[in-house]
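> Have a look at the structure that comes next, please.
Any read-out appearing in this document is the output of simple, stated calculations on the displayed coordinates, not a laboratory observation. Just so it is clear, the structure is predicted and the values come from calculations on it, not from any experiment. Here Cβ is always computed from backbone atoms with ideal geometry, including for glycine, and neighbour counts include all displayed protein chains.
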Amino acid sequence: AVNESRRQLLADVSHELMTPLAAIRGYVETMTMADVKLDEPTRQRYLGIVADETERVEHIIGDLLDLARVEGGGGTWKREPVSVAALFERVFQRHDPQLQAKQITLEAFVSPGVPDLMGDPNRLEQALQNLAANAVRHTPEGGRVTLKAEPAAEGVRLVVEDSGSGIPPEHLPRIFDRFYKVDFSRTGTPVPSGSGLGLSIVQAIVRRHGGTISAGSAASGGARFEILLPYGDRSDLAGRGLEIGQDTGRDA
């Protein structure tokens with residue numbers, strides 16, 4: 001099973017890298033042909049495509065390395081109190097330009113009694129930022145993205161919802177698989193394709209904190225991602241040789 005998983009991963013990586021590399025090679029070869037005369041606007045357009053595809057390769061490789069570090073337990077992870085309200089504020093700050101450009105409303109609700117999370121603030125923010133970026137990308141102009149936090153029986157429940165076209169039920173079982181993309185199934189919103197690793201990274205971060213994540217449909221018909229994180233003393237970060245941070249009074 002392990003060998004089969006490795007073979008599948010290599011096949012997926014090769015497929016994902018070949019597409020942008022083929023585009024780069026094709027445009028570079030065209031620009032270097034002696035018998036092909038390109039006017040300056042066309043040349044600049046080709047160079048722009050090469051730059052975009054190069055950035056795509058870098059993004060895929062970066063996400064692969066990040067996923068390997070998270071799943072493999074590498075690196076130093078902090079364990080300290082993290083304010084949910086502060087995490088939501090950071091999400092808003094990062095995506096504010098896109099929200100304004102698409103006239104999307106972002107709402108955040110933190111229920112009374114929600115305690116601070118215990119974990120690595122940067123990784124927890126990364127997980128929420130990935131989910132928020134996915135929601136904004138799939139929400140049409142004038143839509144809505146909602147962040148919610150509430151106490152749960154086993155810990156804290158974090159929810160990210162959007163008012164987009166949602167995820168067809170047949171795709172939900174594989175939504176967190178590496179390189180699995182459902183952009184084509186979200187009709188009605190022209191969206192750029194990501195690396196296909198964002199949700200895998202989110203799942204790995206959540207699991208590293210001893211939590212679970214699920215995907216489904218929101219009441220509005222859009223997508224709903226729900227993270228359940230255990231209370232601090234049950235986090236998977238404890239007892240794994242990782243850095244245990246002191247409470248510095250910093251939220252995130």
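> Under a plain spin-label model, where a point goes 7 Å from the Cα along Cα-to-Cβ, how far apart in nm are Ala219 and Asp177?
3.3 nm
> State whether region 132-183 is rounded, prolate or oblate according to the following rule on the C-alpha gyration tensor (a ≥ b ≥ c being the square roots of its eigenvalues): a/c under 1.5 gives rounded; otherwise a/b larger than b/c gives prolate, and the remaining case gives oblate.
Because a/c hits 1.5 or more and a/b fails to exceed b/c, region 132-183 counts as oblate.
> A follow-up question, please. Can you tell me the order of 218-229, 103-114, 84-95 when each peptide is scored by its average per-residue count of other Cβ atoms within 10 angstrom, highest first?
Final packing ranking: 218-229, 84-95, 103-114.
> Which order, highest average first, do 31-43, 121-133 follow once you tally other Cβ atoms within 10 Å for each residue and take the mean per peptide?
Per-residue mean Cβ counts within 10 Å order the peptides as 121-133, 31-43.
> Express as a percent, rounded to the nearest 5, the fraction of DSSP beta bridges in region 82-174 (both residues included) that run antiparallel.
Numbers: 9 of 15 bridges.
If I count the DSSP bridges inside region 82-174, around 60 percent turn out antiparallel.
> For region 33-111, go through all pairs of different Cα atoms, get the mean of 1/r, take its inverse, and jot down that Kirkwood value in Å.
The answer is 17.5 Å.
> Which of the three applies to region 49-159, rounded, prolate or oblate, going by the alpha-carbon gyration tensor with a ≥ b ≥ c and a/c under 1.5 meaning rounded?
Oblate is the answer for region 49-159, as a/c is 1.5 or above yet b/c matches or exceeds a/b.
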